[in-house]
Amino acid sequence: SYLAIALSCHVIALWLDTKVIAVLGIIGISTMPILSNTVQVEPIYYLLSLALVTISSLVLAHKRVGTWLANLTLAFSFLSIEWVLGFEGLVVPPWIVEVFYVMFFGFVIANFYRENKATSQLLVFLATTIGATVLMIFQVNGVSNLQTSINFGLNTLLAAGAAFVIHRLNREITSFLVLASAIWAVLSVVSLISNSYWGMAWAAEGVLLLLIGRRYTSPFIVNQGQVLTGSAIAYSLVGLSAHFP
């Protein structure tokens with residue numbers, strides 16, 4: 001029922017060419033199960049329905065509405081996943097989170113290919129997607145270090161493959177995709193050692209935001225990168241303090 005209501009909002013949005021109803025689809029399927037507390041019954045079915053509405057929202061954002069709908073979709077999707085992961089005893093497979101990352105990454109690549117340039121808005125969207133995915137995967141219960149490393153390795157290959165395809169169109173975009181691939185590669189190696197090193201994700205995304213902010217002369221993005229990188233350094237110092245003197 002939730003899926004039917006959400007998709008019907010998208011159908012009406014296409015029919016009437018309105019932006020407001022397009023937003024109601026992803027907001028509705030994200031908030032209704034939370035309000036009715038029905039996620040505990042069968043979380044996998046709900047997350048798969050959420051994935052379908054997310055695809056529909058991203059297609060609308062790419063074809064008709066604009067990136068702002070993708071931003072809302074990203075926020076509400078990961079909010080819903082976070083809500084599901086918050087229930088004790090619920091088993092959520094890590095491939096569910098991976099599916100959402102692939103969808104959002106595909107949206108970024110599709111916009112890069114269409115516009116043939118890297119905008120600060122799309123790059124921040126990519127950085128946010130990477131950070132949120134890392135945070136979600138490390139919250140999934142019962143996932144081994146090997147499984148986490150495999151997921152990160154797949155993301156490494158995905159970013160590297162996208163960089164190889166786009167390198168003839170725009171070398172600037174390729175450089176950011178190579179950086180994203182390198183971040184996933186580092187996290188893949190780190191996750192094999194221990195999940196306690198997940199704070200590395202803060203540093204990786206902080207460096208990515210610093211590069212984006214410097215490239216587009218955006219003090220706001222630079223400040224975000226500084227906060228994340230500073231938090232990662234502070235986190236590392238706290239961890240090292242137990243070993244001194």
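The values are calculated or read from the model by the stated rules, or taken from the named source; none is laboratory data. Remember, predicted model here, so these are calculated numbers, not experimental data. Neighbour counts are summed over all protein chains in view; Cβ atoms, including those assigned to glycine, are modelled from backbone coordinates with ideal geometry. Heads up: the accessible areas ignore ligands, DNA and RNA and are worked out on the full protein's heavy atoms, side chains in. Shrake-Rupley method; radii C 1.70, N 1.55, O 1.52, S 1.80 Å.
Here residue 79 passes the criteria (1) open to solvent by 30 Å² or more (accessible area, probe 1.4 Å); (2) among the aliphatic types (A, V, I, L, M); (3) out of contact with any Ser or Thr (no Cβ under 9 Å at 6 or more places or on another chain); (4) modelled with pLDDT of 80 or more except the one numbered (3). Check whether at least one residue in segment 85-92 is among the aromatic types (Phe, Trp, Tyr), at pLDDT below 85, within 24 Å of residue 131 (Cβ to Cβ) and in a loop (DSSP other than H, G, I, E, B), and report yes or no. There is at least one residue in segment 85-92 that is among the aromatic types (Phe, Trp, Tyr), at pLDDT below 85, within 24 Å of residue 131 (Cβ to Cβ) and in a loop (DSSP other than H, G, I, E, B). Residue 9 meets all of the listed conditions (1) without any contact (Cβ under 8 Å) to a residue 24 or more places away in the chain; (2) under 25 Å from residue 95 (Cβ atoms) but one, namely (2). Out of 126, 48, 69, 60, one residue alone is within 14 Å of the chain's Cα centre (by Cα) and of a type in the set (A, V, I, L, M). It is 126.
Against the conditions (1) open to solvent by 40 Å² or more (accessible area, probe 1.4 Å); (2) touching a residue at least 40 places away in the same chain (Cβ under 8 Å); (3) farther than 30 Å from residue 93 by Cα, residue 146 satisfies every one except (3).
Quick grid of which residues meet (1) among the aliphatic types (A, V, I, L, M); (2) over 16 Å from residue 122 (Cα atoms); (3) at pLDDT below 80; (4) open to solvent by less than 60 Å² (accessible area, probe 1.4 Å):
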{"position": "198", "(1), (2), (3), (4)": "no, yes, yes, no"}
{"position": "202", "(1), (2), (3), (4)": "no, yes, yes, no"}
{"position": "205", "(1), (2), (3), (4)": "no, no, yes, yes"}
{"position": "210", "(1), (2), (3), (4)": "yes, no, no, yes"}
{"position": "218", "(1), (2), (3), (4)": "no, no, yes, yes"}
{"position": "221", "(1), (2), (3), (4)": "yes, no, yes, yes"}
{"position": "226", "(1), (2), (3), (4)": "no, yes, no, no"}
{"position": "230", "(1), (2), (3), (4)": "no, yes, no, yes"}
{"position": "239", "(1), (2), (3), (4)": "no, yes, yes, yes"}
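Per the conditions (1) surrounded by fewer than 21 Cβ atoms within 10 Å (Cβ to Cβ); (2) of a type outside the set (S, T, N, Q); (3) at pLDDT below 85; (4) under 11 Å from the mean Cα position of the chain (by Cα), the sole criterion not satisfied by residue 114 is (4). Looking across segment 157-175, just one residue is closer than 18 Å to residue 212 by Cβ and under 16 Å from the mean Cα position of the chain (by Cα), and that is 159.
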